[in-house]
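Working notes, structure below.
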Amino acid sequence: MARILVTGGTGYIGSHTTVELMQQGYDVVIIDNLSNSTSDVLDGIEAIVGTRPAFEQVDCNDAQAVADVFTKYTDIQGVIHFAASKAVGESVEQPLMYYRNNLMSLVTLLEQMKAHNVHNIVFSSSCTVYGQPAEEHLPVDETAPIQVALSPYGNTKQINEEIIRDEAHANTQLHATILRYFNPIGAHPSAMIGELPNGVPQNLLPFVTQTAIGLRPELKVFGDDYNTPDGSCIRDYIYVVDLAKAHVKAVERMLNHQAKEQVEVFNLGTGRGLSVLEILNTFMQVTGVKVPYQIVGRREGDIEQVWAKPDKANNVLGWKADTPIEDVLLSAWRWEQKIRS
Ligand code: UD1
């Protein structure tokens with residue numbers, strides 16, 4: 001079976017994807033600089049799969065170290081590139097760090113792939129590239145216009161997509177799959193791996209679970225005066241395990257030479273938008289835990305509503321996110337309980 005190089009494989013989405021790849025029989029080598037994760041994640045992966053993935057502590061910006069990985073693992077047939085900094089607020093404060101880290105790592109990786117005759121890459125992008133889509137583009141399909149990014153983080157996703165397109169144009173051997181994720185949440189059903197935010201969580205679900213367990217006094221709901229049915233923002237929350245499975249499909253499609261275009265783009269979402277208050281209320285219902293919350297003002301830069309039209313991923317990739325939101329929220333809660341026990 002083929003080996004897949006997973007950059008950022010000890011991170012949140014990377015670890016779940018590694019599990020799904022290994023369960024489908026792929027060999028994996030993870031590279032990660034452990035800047036936002038720890039090698040304990042490898043224990044979690046091993047506990048689920050029964051085998052430990054190969055791991056190299058390497059920064060994707062370090063060309064020599066990346067080259068050494070390709071030299072050591074001669075059976076690598078594809079790369080899934082997750083490794084990146086992803087905190088929106090931090091990217092506004094430290095744009096150069098974000099541009100250096102997120103752009104140079106992709107450039108380095110593409111250079112080394114070419115030098116070592118590896119021609120398949122899956123890139124971890126985001127629905128953030130669509131900004132707030134106009135009403136006629138909701139739900140969002142892959143043809144919706146890309147809008148000016150609201151943060152350096154978002155801009156790095158857009159520029160990285162362009163880097164991939166330009167390189168694919170010049171290097172006709174390269175095949176790329178760009179996956180635009182909506183809002184990944186939840187944890188593996190085994191509770192062996194999950195999301196481990198650094199410091200105060202910025203994303204909704206980790207904040208909800210940390211409040212539920214008593215680490216935070218209350219959740220702040222950012223705005224209830226949006227033009228939505230209950231006034232809170234709407235997102236397309238997708239189960240991280242469903243999302244991980246889409247990566248396996250994308251890899252299979254490239255390795256089996258089924259891709260119709262050199263660069264293919266897929267939106268990965270459920271097709272269903274849920275509001276912040278719906279998430280909160282469903283969480284309280286399924287867990288039976290009361291989460292104290294307060295409605296506060298809007299968060300700067302927030303988008304009112306966005307959800308996916310996942311038809312292309314459903315039909316072309318043969319993939320569907322179908323885990324019920326109740327199960328997803330319970331998985332997040334079980335994970336929070338596990339890491340605090
Ligand atoms: C954010 C980023 C997005 C990035 C994604 C990564 C912004 C504007 N967007 O998406 O670029 O790809 O994270 O996961 O930061 N909320 C609360 N209280 C909280 C936290 C969040 O009410 O304490 C609300 C937010 O206002 C939003 C929803 O929950 O309506 C989801 O927020 P979040 O999880 O941060 O995701 P996004 O903002 O969609």
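Each reported figure results from applying straightforward, stated rules to the coordinates on display, with no laboratory input. As the structure is a prediction and not an experimental result, all values here were calculated from the model. Virtual Cβ from ideal backbone geometry, glycine too; neighbours counted across all protein chains shown.
Going out from 0 in 5 Å bins, what whole percent of all Cα-Cα distances in the stretch 12-57 drops into each bin?
Result returned by the calculation: 5, 23, 40, 23, 8, 1.
Report, to one decimal in Å, the Kirkwood hydrodynamic radius for the stretch 213-341 based on all distinct Cα pairs.
Numbers: mean 1/r = 0.0596 Å⁻¹.
For the stretch 213-341, the Kirkwood estimate is 16.8 Å.
If you wrap a convex hull around the Cα atoms of the stretch 264-329, how much volume per residue is inside, in Å³?
Working: hull volume 6.3 nm³, N = 66.
In the stretch 264-329, the Cα hull volume divided by residue count equals 96 Å³.
For every other residue with a beta carbon closer than 11 angstrom to the beta carbon of Y26, add +1 if it is Lys or Arg and -1 if Asp or Glu, then tell me the sum.
Working: positive: R3; negative: E20, D27, D75, E252.
It works out to a net charge of -3.
Using only the alpha-carbon atoms, how far is helix 325-340 inclined from the longest principal axis of the chain? Give it as 0 to 90 degrees, nearest 10.
80
Sort T143, T282 so that the residue with the fewest other Cβ atoms within 10 Å of its own Cβ comes first and the one with the most comes last.
With the sparsest Cβ surroundings first, the list reads T143, T282.
If each residue's Cβ is checked for other Cβ atoms within 10 Å, how do L268, L106, L196 rank with the fewest at the top?
Working: L268 27, L106 24, L196 19.
The most exposed by this proxy come first: L196, L106, L268.
Counting other beta carbons within 10 Å of each residue's own, what order do T287, T228, T172 fall into, fewest first?
Working: T287 20, T228 17, T172 9.
By the 10 Å Cβ count, ascending, the order reads T172, T228, T287.
Excluding residues on the same chain fewer than 8 positions from K72, give the lysines whose Cα lies under 17 Å from its Cα.
Candidates past the 8-residue exclusion: K114.
Whole number please: convex hull volume per residue, Cα atoms of the chain, in Å³. Each step should come with its number before you reach the end.
Values: hull volume 42.7 nm³, N = 341.
Given the Cα convex hull of the chain, per-residue volume reads 125 Å³.
Going by the alpha-carbon gyration tensor, a ≥ b ≥ c the square roots of its eigenvalues, is the stretch 76-160 rounded (a/c under 1.5) or, if a/c is not under 1.5, prolate (a/b greater than b/c) versus oblate? Please list the in-between numbers first.
Numbers: a/c = 3.02, a/b = 1.40, b/c = 2.15.
Oblate, because a/c is 1.5 or more while a/b does not exceed b/c.
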